[in-house]
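S.K.: This is the structure, below, for whatever I ask next.
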Amino acid sequence: FGDQVLQGRKVVVSAGPTYEDIDPVRFIGNRSSGRMGFAVAEAAAQAGAQVTLVAGPVSLATPQGIARRVDVRSAAQMHAAVTAATADADIYIGAAAVGDYRPNSVAPQKLKKHDGAALALQLTENPDILAHLSAQRAHPFLVGFAAETQDVERYARDKLQRKGLDMIAANQVGEGLGFETADNAITLYWADGSAELPRADKALLARQLIERIADRYRAVRG
Ligand code: C5P
């Protein structure tokens with residue numbers, strides 16, 4: 001499906017959370033399961049694309065038809081893997097929930113308690129993978145995700161513009177949707193349009209999303 005537009009195209013999909021290590025046994029993570037991104041990667045492969053899946057720490061089997069899977073842990077590792085994989089890619093779909101911050105340094109030994117004293121963790125902002133890609137002179141067609149708990153359209157359109165994306169897939173998290181759930185509902189936004197993809201399981205939604213991406217890709221790059 002996808003009307004042959006994606007046949008043989010190089011598509012890179014990032015999925016899952018990132019883990020930012022604090023010490024040898026602790027990390028800062030988030031609740032992304034990776035399921036939406038894995039479903040999108042599978043749908044892109046079904047549409048005939050040559051798919052590289054860059055996965056954060058998830059417990060998911062590689063979907064059928066994926067050409068290459070690269071497993072990473074931290075945002076910095078994901079940034080490096082995505083940068084390498086997108087060097088000659090046609091489309092990048094950033095479905096990963098990249099951690100915004102990482103500890104300034106990773107403690108070499110397990111941190112200990114100190115008689116009830118407070119512990120302050122100093123955090124550094126991680127690079128924005130999508131924003132870095134869009135700043136490059138030649139870059140793939142860029143699709144981002146925005147998981148929001150409120151004001152979905154306003155935040156999504158702001159990210160579309162600020163990160164220099166071609167499309168953004170926004171979903172409201174909470175109420176049985178979004179993270180750690182089987183179902184999702186998405187509104188897609190691009191510069192001069194939008195489309196509703198109503199609540200459905202992630203596999204069906206992923207196929208609809210890939211069809212929309214294929215349409216838009218053909219319109220601006222075909
Ligand atoms: O700003 P926010 O994290 O909500 O944006 C979400 C989108 O940006 C997702 O597509 C995510 O993969 C991407 N992102 C990124 N690098 C970051 C943070 C988010 O590429 N450091």
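We did not get these values from a lab; they are worked out from the coordinates using the rules stated. This structure is a prediction, so every number in the text was calculated from the model and none was measured. Cβ sites come from the backbone with ideal geometry, for glycine too, and all protein chains shown count toward neighbours.
S.K.: Which residues in region 1-27 have a backbone N closer than 20 Å to a point placed 7 Å from the Cα of VAL106 along the Cα-to-Cβ line?
M.R.: 15-27
S.K.: Same structure again: Residues with beta-carbon under 14 Å from that of ARG154, excluding ARG154: net charge, scoring Lys, Arg +1 and Asp, Glu -1?
M.R.: Values: positive: ARG157, LYS159, ARG162; negative: GLU148, ASP151, GLU153, ASP158.
Around ARG154, the charge tally is -1.
S.K.: Note down the net charge around ALA84, summing +1 for each Lys or Arg and -1 for each Asp or Glu among other residues with Cβ under 13 Å from its Cβ. Walk me through the numbers before you get to the answer.
M.R.: Numbers: positive: LYS10, ARG68; negative: ASP88.
With Lys, Arg at +1 and Asp, Glu at -1, the net is +1.
S.K.: Find me the longest stretch of the chain that has none of the exposed GluC sites (Glu not before Pro), where exposed means in a DSSP loop (not H, G, I, E or B) with at most 15 other Cβ atoms within 10 Å.
M.R.: Values: sites that count: GLU175, GLU180.
For GluC sites (Glu not before Pro) (loop position, at most 15 other Cβ atoms within 10 Å), the longest site-free span of the chain is 1-174.
S.K.: Next question. Taking the Cα atoms only, what angle lies between the long axis of helix 202-221 and the longest principal axis of the chain, rounded to 10 degrees?
M.R.: 60
S.K.: Given 0.36 nm per residue, what is the gain on full extension from ASP215 to ARG69 after removing their alpha carbon distance, in nm?
M.R.: Details: separation 146, 0.36 × 146 = 52.56 nm, distance 2.57 nm.
Contour length minus Cα-Cα distance gives 50.0 nm.
S.K.: On to the next question. Compute the long axis of helix 35-46 from its Cα atoms, compare it with the longest principal axis of the Cα atoms of the chain, and write down the angle in degrees, 0 to 90, nearest 10.
M.R.: Its long axis makes an angle of about 30 degrees.
S.K.: At 0.36 nm per residue, and after removing the present C-alpha to C-alpha distance, how many nm does the segment from GLU153 to PHE1 gain when stretched out fully? Walk me through the numbers before you get to the answer.
M.R.: Values: separation 152, 0.36 × 152 = 54.72 nm, distance 2.87 nm.
Going from the current span to full extension adds 51.9 nm.
S.K.: Another question, if that's okay. Could you check the simple spin-label distance between HIS114 and ARG199, using points 7 Å along Cα→Cβ, in nm with one decimal?
M.R.: Result for the modelled spin labels: 4.9 nm.
S.K.: Further, regarding this structure: Could you work out how far helix 152-162 tilts from the main Cα principal axis of the chain, as a 0 to 90 degree angle to the nearest 10?
M.R.: 90
S.K.: Let me ask another. Note the full-extension length gain between ALA84 and GLN161 as 0.36 nm times their separation in residues minus their Cα-Cα distance, in nm to one decimal. Please report the intermediate quantities before stating the final value.
M.R.: On the way: separation 77, 0.36 × 77 = 27.72 nm, distance 2.43 nm.
Difference between extended and current length: 25.3 nm.
S.K.: Oh, and also: Hey, what D do you get for region 1-143 in µm²/s if you plug the Kirkwood alpha-carbon radius into Stokes-Einstein at 20 °C and 1.002 mPa s?
M.R.: Values: Rh = 16.2 Å.
The calculation lands on 133 µm²/s.
S.K.: Something else: Which three semi-axes in whole Å describe the equivalent ellipsoid of region 86-199, each the square root of 5 times a Cα gyration tensor eigenvalue, listed largest first? Display every interim value, and only then the final one.
M.R.: On the way: eigenvalues 208, 87, 30 Å².
Square roots of five times the eigenvalues give 32, 21, 12 Å.
S.K.: First select every other residue whose beta carbon is under 10 angstrom from the beta carbon of VAL51; then total the charges, Lys and Arg +1, Asp and Glu -1. Before the final figure, lay out the partial values.
M.R.: On the way: positive: ARG9, LYS10, ARG68, ARG69; negative: GLU42.
After counting each charged neighbour, the total is +3.
S.K.: Further question: For region 1-61, state which trypsin sites (Lys or Arg not before Pro) are in a DSSP loop and have at most 16 other beta carbons lying within 10 Å of their beta carbon.
M.R.: On the way: sites: ARG9, LYS10, ARG26, ARG31, ARG35; in loops: ARG9, ARG31.
Those satisfying the criteria are ARG31.
S.K.: Still on this structure, I have one more. Sorted from fewest to most neighbouring beta carbons within 10 Å, what does the list LEU165, LEU205, LEU119 look like?
M.R.: Numbers: LEU165 26, LEU205 23, LEU119 8.
Placing the least packed residue first, the sequence is LEU119, LEU205, LEU165.
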